[in-house]
Amino acid sequence: MSVWEWIRFAAGALCILAGLFVFVTAVIGNFRFGFVLNRMQAAALGDTMGIFLCLLGVVILDGFSAMTGKLILILIFFWISSPVASHLLVKMELITGEDFHSGEHEVVGK
(Lines give C-alpha, C1' and ligand atoms only; values in the text may rest on other atoms or scores of the structure.)
Protein backbone atom coordinates (compact mmCIF):
# COMPACT_ATOMS: atom_id res chain seq x y z
CA MET A 1 0.00 0.00 0.00
CA SER A 2 1.18 3.46 -0.82
CA VAL A 3 1.32 6.37 1.57
CA TRP A 4 -1.81 7.96 0.04
CA GLU A 5 -3.81 4.77 0.57
CA TRP A 6 -2.78 4.70 4.23
CA ILE A 7 -3.77 8.34 4.63
CA ARG A 8 -7.14 7.65 2.97
CA PHE A 9 -7.67 4.61 5.20
CA ALA A 10 -6.79 6.60 8.34
CA ALA A 11 -9.11 9.48 7.37
CA GLY A 12 -11.99 7.10 6.60
CA ALA A 13 -11.49 5.12 9.79
CA LEU A 14 -11.28 8.32 11.83
CA CYS A 15 -14.57 9.58 10.36
CA ILE A 16 -16.31 6.27 11.09
CA LEU A 17 -14.99 6.21 14.65
CA ALA A 18 -16.08 9.83 15.18
CA GLY A 19 -19.54 8.92 13.87
CA LEU A 20 -19.75 5.98 16.25
CA PHE A 21 -18.69 8.27 19.11
CA VAL A 22 -21.51 10.68 18.20
CA PHE A 23 -24.00 7.80 18.15
CA VAL A 24 -22.82 6.54 21.56
CA THR A 25 -23.07 10.00 23.13
CA ALA A 26 -26.57 10.39 21.65
CA VAL A 27 -27.63 7.10 23.23
CA ILE A 28 -26.16 8.15 26.58
CA GLY A 29 -27.95 11.49 26.25
CA ASN A 30 -31.23 9.70 25.60
CA PHE A 31 -30.84 7.73 28.82
CA ARG A 32 -29.57 10.59 30.99
CA PHE A 33 -31.96 13.36 29.99
CA GLY A 34 -35.30 13.24 31.74
CA PHE A 35 -37.35 15.65 29.68
CA VAL A 36 -38.62 14.42 26.31
CA LEU A 37 -37.55 17.53 24.37
CA ASN A 38 -33.99 17.20 25.66
CA ARG A 39 -34.03 13.58 24.54
CA MET A 40 -35.20 14.62 21.10
CA GLN A 41 -32.33 17.14 20.90
CA ALA A 42 -29.78 14.43 21.64
CA ALA A 43 -31.40 11.97 19.25
CA ALA A 44 -31.70 14.45 16.38
CA LEU A 45 -28.15 15.73 16.65
CA GLY A 46 -26.76 12.22 17.04
CA ASP A 47 -28.74 11.05 14.06
CA THR A 48 -27.69 13.80 11.72
CA MET A 49 -24.02 14.11 12.66
CA GLY A 50 -23.45 10.40 13.27
CA ILE A 51 -24.87 9.41 9.89
CA PHE A 52 -22.90 12.16 8.16
CA LEU A 53 -19.58 11.09 9.67
CA CYS A 54 -20.11 7.36 9.12
CA LEU A 55 -21.16 7.79 5.50
CA LEU A 56 -18.34 10.25 4.89
CA GLY A 57 -15.91 7.64 6.21
CA VAL A 58 -17.34 4.99 3.89
CA VAL A 59 -17.11 7.39 0.94
CA ILE A 60 -13.47 8.12 1.75
CA LEU A 61 -12.65 4.42 2.12
CA ASP A 62 -14.44 3.43 -1.08
CA GLY A 63 -13.01 6.16 -3.26
CA PHE A 64 -14.92 7.72 -6.12
CA SER A 65 -17.22 5.23 -7.83
CA ALA A 66 -20.89 4.67 -8.58
CA MET A 67 -21.41 3.56 -5.00
CA THR A 68 -20.04 6.89 -3.78
CA GLY A 69 -22.74 8.72 -5.70
CA LYS A 70 -25.41 6.51 -4.13
CA LEU A 71 -23.98 7.10 -0.65
CA ILE A 72 -24.02 10.85 -1.22
CA LEU A 73 -27.69 10.66 -2.27
CA ILE A 74 -28.46 8.64 0.88
CA LEU A 75 -26.60 11.25 2.94
CA ILE A 76 -28.61 14.09 1.39
CA PHE A 77 -31.86 12.21 2.04
CA PHE A 78 -30.98 11.63 5.70
CA TRP A 79 -29.87 15.25 6.17
CA ILE A 80 -33.22 16.44 4.83
CA SER A 81 -35.55 13.91 6.45
CA SER A 82 -34.04 13.47 9.93
CA PRO A 83 -34.37 17.09 11.15
CA VAL A 84 -37.86 17.35 9.66
CA ALA A 85 -38.97 14.14 11.40
CA SER A 86 -37.46 15.29 14.69
CA HIS A 87 -39.19 18.65 14.39
CA LEU A 88 -42.55 16.99 13.76
CA LEU A 89 -42.12 14.68 16.74
CA VAL A 90 -41.27 17.60 19.03
CA LYS A 91 -44.20 19.62 17.72
CA MET A 92 -46.53 16.68 18.35
CA GLU A 93 -45.17 16.39 21.90
CA LEU A 94 -45.81 20.07 22.51
CA ILE A 95 -49.35 19.85 21.14
CA THR A 96 -50.38 16.67 22.96
CA GLY A 97 -48.34 17.03 26.16
CA GLU A 98 -50.74 17.33 29.09
CA ASP A 99 -48.25 17.95 31.91
CA PHE A 100 -45.68 20.21 30.30
CA HIS A 101 -43.28 21.03 33.14
CA SER A 102 -46.12 20.81 35.63
CA GLY A 103 -48.01 23.82 34.29
CA GLU A 104 -45.15 26.30 34.01
CA HIS A 105 -45.71 26.73 30.27
CA GLU A 106 -48.84 26.81 28.21
CA VAL A 107 -49.13 24.21 25.46
CA VAL A 108 -48.60 25.93 22.11
CA GLY A 109 -50.83 25.15 19.17
CA LYS A 110 -54.07 24.06 20.87
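The values are calculated or read from the model by the stated rules, or taken from the named source; none is laboratory data. These figures come from a predicted structure and were not determined experimentally. FYI the Cβ positions are ideal-geometry reconstructions off the backbone, even for glycines, and counts take in every protein chain you see. Remember, those area values only see protein heavy atoms, side chains included, never the ligands or the DNA or RNA. Shrake-Rupley method; radii C 1.70, N 1.55, O 1.52, S 1.80 Å.
In segment 39-98, the residue that is farthest from the chain's Cα centre (by Cα) out of those that are of a type in the set (Gly, Ala, Ser) and under 16 Å from Ala11 (Cα atoms) is Gly63.
Can you tell me which residues in segment 19-36 are among the hydrophobic types (A, V, I, L, M, F, W, C) and open to solvent by 40 Å² or more (accessible area, probe 1.4 Å)?
Of the residues in segment 19-36, the ones among the hydrophobic types (A, V, I, L, M, F, W, C) are 20-24, 26-28, 31, 33, 35-36.
Hits for segment 19-36 are Leu20, Phe21, Phe23, Val24, Val27, Ile28, Phe31, Phe33, Phe35, Val36.
Remark: pairs (first residue in segment 1-12, open to solvent by less than 100 Å² (accessible area, probe 1.4 Å); second residue part of a helix (DSSP H, G or I) and of a type in the set (Gly, Ala, Ser); Cβ separation under 9 Å; 6+ apart in sequence or on different chains) = Ala11/Gly57; Gly12/Gly57.
Being buried (at least 16 other Cβ atoms within 10 Å of the Cβ) and within 22 Å of Trp4 (Cβ to Cβ) is a description that applies to Val59.
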